[in-house]
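Have a look at the structure below before the remarks.
Please treat every number below as a calculation from the coordinates, not as lab data. These numbers were taken from a predicted model, which means no experiment stands behind them. Methodologically, a virtual Cβ is constructed for each residue, glycine included, from the backbone with ideal geometry; neighbour enumeration extends over all protein chains shown.
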Amino acid sequence: MKTASELLQQTRRMPLVAILRGLDVENAKAVGLALYEAGFRTLEVPLNRPGAFDCIELLTKALPDDALVGGGTMLTQTDVDAVHAAGGRLMVSPNCDARVIRHAAALGMLCAPGVATPTEAFAALEAGAHALKLFPSEMVGHGGLKAMKSVLPTGTEFWPVGGITPESMGGWIKAGATGFGIGSQLYAPGTSAAEVLQRGHAFVAAWRVGAPAISHGV
């Protein structure tokens, strides 16, 4: 089993997280394989929809070993245990709860909790977060991200989430983003696998244009 450090290194090679809110079991495999074909390697299934754990388990079995699957909207230690039991190794939340972060980190999961302030960012890192989900990114903005990057440890991973499009990625990368969480612009219930593939290609292409400007400080 890969360590969280190994999972982070793996994710850095293509740090785009597909947020599959409302994914159903019937379409999970086709959507997951379409995303993988497009170049995505990290998939998040938010828990606040029915069938999330079944989808996580299905995706972990259907995708190759270099794919990372996990849960989103993980609010409790019970959520962490359930996602881990389903095979998920990614913990994503909309908030910064040190207890949940520590619990997931102790299980060897890659932790990406949500933060919107420097106080939350420092608390998340102290609890063991490997990357920080900047949420809601529209509220924080480019200026807020730059300010936080200036005081946080060099190499801190920031993944803006909320309203991200292929066209908006460049500005965020210049502000210091090292990855992204992409939701309804990529997938929403009813989106076909073919359309997910097309959208996925667009996001991956936009990332590859902007990625050379990124340095992880190593």
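Apart from one condition, GLU120 fits all of (1) under 19 Å from ARG21 (Cα atoms); (2) of a type outside the set (A, V, I, L, M, F, W, C); (3) part of a helix (DSSP H, G or I); (4) within 18 Å of the chain's Cα centre (by Cα); the exception is (1).
Residue check: is GLN198 in a loop (DSSP other than H, G, I, E, B) and not hydroxyl-bearing (Ser, Thr, Tyr)? No. Looking only at residues of the stretch 163-192 that are of a type outside the set (S, T, N, Q), surrounded by fewer than 17 Cβ atoms within 10 Å (Cβ to Cβ) and touching a residue at least 24 places away in the same chain (Cβ under 8 Å), we find that the one that is nearest to PHE135 (Cα to Cα) is GLY163.
The number of residues in the stretch 28-76 being out of contact with any Pro (no Cβ under 8 Å at 6 or more places or on another chain) and part of a helix (DSSP H, G or I) comes to 20. Suppose we keep only residues that are under 17 Å from LEU132 (Cβ atoms) and of a type in the set (Ser, Thr, Tyr) within the stretch 60-99. Which one would you say is surrounded by the most Cβ atoms within 10 Å (Cβ to Cβ)? That would be SER93.
Of all residues in the stretch 85-108, those satisfying the criterion of being farther than 16 Å from PRO46 by Cβ and not charged (D, E, K, R) are ALA85, GLY87, CYS96, ALA98, ILE101, HIS103, ALA105, ALA106, LEU107, GLY108. Would you call ALA205 of a type outside the set (Val, Ile, Thr), without any contact (Cβ under 8 Å) to a residue 40 or more places away in the chain, surrounded by fewer than 18 Cβ atoms within 10 Å (Cβ to Cβ) and touching a Gly at 6+ places or on another chain (Cβ under 9 Å)? Yes: the conditions hold for ALA205. Among the residues of the stretch 17-27, the ones that are touching a residue at least 60 places away in the same chain (Cβ under 8 Å) and part of a helix (DSSP H, G or I) come to 1 in all. Residues that are surrounded by fewer than 20 Cβ atoms within 10 Å (Cβ to Cβ) and part of a loop (DSSP other than H, G, I, E, B) within the stretch 123-133 comprise just one, GLY128. In the stretch 134-171, of all residues being in a loop (DSSP other than H, G, I, E, B) and more than 26 Å from GLY200 (Cβ to Cβ), the one that is nearest to the chain's Cα centre (by Cα) corresponds to THR156. Residue selection: THR3 fails the criterion of being over 27 Å from ALA205 (Cα atoms), free of Cβ contacts under 8 Å to residues at least 40 places away in the same chain and surrounded by fewer than 16 Cβ atoms within 10 Å (Cβ to Cβ).
Could you look through the stretch 16-34, keep only residues that are closer than 16 Å to VAL92 by Cβ and buried (at least 22 other Cβ atoms within 10 Å of the Cβ), and pick out the one that is nearest to the chain's Cα centre (by Cα)? If we take residues in the stretch 16-34 being closer than 16 Å to VAL92 by Cβ and buried (at least 22 other Cβ atoms within 10 Å of the Cβ), then VAL17 is nearest to the chain's Cα centre (by Cα). Within the stretch 75-91, the set of residues being in contact (Cβ under 8 Å) with a residue 60 or more places away in the chain and of a type in the set (D, E, K, R) comprises just one member, ARG89.
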